[in-house]
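This report refers to the structure that appears directly beneath it.
Each value in this text was obtained by applying a stated rule to the coordinates, not by laboratory testing. Because the structure is a prediction, the values reported are computed rather than measured. Every residue, glycine among them, receives a Cβ derived from its backbone with ideal geometry; neighbour counts consider all protein chains shown.
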Amino acid sequence: MEKYHSIFHDWTPEDVQYLSQFGLKAKVGYMWIYVEDENAYQTITEHYRSLNIDYLDFSGNGYYSYSKEEVLAAPYCYLASTSHACGYPKPENSYVAKTFYTSQMCQRCNVGRKQKRPFHISKLSKSGFWTFYGWETGTYFVSDEVYETVFEPYGIQRIPVVMTSGKVAEGVSQLLFPVAEESLDFYSYHYKVCPKCGVKRYLLDEVWKHPYFPLHRSPIPGAFVIKEVFGEGAIVDYPLLLSAEVVKKLLSMKLIDYGSLIPCTQDIEQYWGVKASYTIEDLCREENDFDE
């Protein structure tokens, strides 16, 4: 496991030369640089602060990345991003009401909706396992071959996908993962509470800012989603956990990559520290502003 920082800026030739002393290969113009050495990171940020130069540093206390060995050794991994994406749900301005039951849905944050009809899409990905580019990134589609090889042995359900023409798509379906009944304690994560419905949603980038991801004592075999909600604005996301066997199969088929996986552990305090009596939840009560 390694910790790194990411900095975005419109680098000048002078910047490129300055950063090279730290072994960083920046180029002139807008680009991200990734700094793994903590001392180098502190020196660089202090340098640009002293010059009153604006730059973007979204990493805060740092992000974490994992070796292939750490990923493969984990009993489950959180699929934090996907290697393959395609299109958006259709029709883009009204798909929510057409696809979901909305009577129990919060009109502010979208939590509480239940899918009632298949998604309508305008094109299919060539990948055997993919999701949308945006809006519904927690929705996964799968080819018949990948379903039969990877997901069917665990009894994971699927439903059809419909093209915008009204024709059922052939050879592809949407996966419906079971939902864990057991709760997880994200005591180190920042979150926001919807002022309308009161639901707590953990911030999506928190998963990269804390080492490893918690795992249930009795995880569902194969693949499943957790019951806790992540997201901001109108995004509703339930993290997907994949067992080691599923991870290895999808990796071998080049349908996911190592960089998209966060290893899970049942001993999260080993990495986050023992839960204190005064937690991040106490802090969040004071800063529960809600993004429009």
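Residues 96, 150, 71, arranged from fewest to most other Cβ atoms within 10 angstrom of their Cβ, appear as 96, 71, 150. What separates the Cα centres of segment 214-275 and segment 103-141 is a distance of 19 Å. With a Förster radius of 22 Å applied to the C-beta separation of residue 32 and residue 1, the computed FRET efficiency comes to 0.60.
Of the cross-linked pairs 25/227; 227/248; 116/249; 98/200; 3/275; 90/227, which ones have a Cα-Cα span greater than 32 Å in the structure shown? Cα-Cα > 32 Å for 25/227; rest within. Inverting the pair-averaged 1/r between distinct Cα atoms of segment 2-65 gives 11.8 Å as its Kirkwood hydrodynamic radius. Over all other residues within a Cβ to Cβ distance under 15 Å of residue 28, the charged ones net out to -1, with Lys and Arg as +1 and Asp and Glu as -1.
Computed per residue of the chain from DSSP H runs no shorter than four, each worth -39500 (n - 2.57), the mean residue ellipticity at 222 nm is -4500 deg cm²/dmol.
Set against the 2.2 N^0.38 Å expectation for a compact globular protein, segment 162-276 has a Cα radius of gyration ratio of 1.24.
As a calculated quantity, the FRET efficiency between residue 244 and residue 274 at R0 = 41 Å, using C-beta atoms, amounts to about 0.90. I need the fraction of alpha carbon pairs in segment 95-176 separated by more than 21 Å, rounded to a whole percent. I get 31 percent for the Cα pairs in segment 95-176 exceeding 21 Å.
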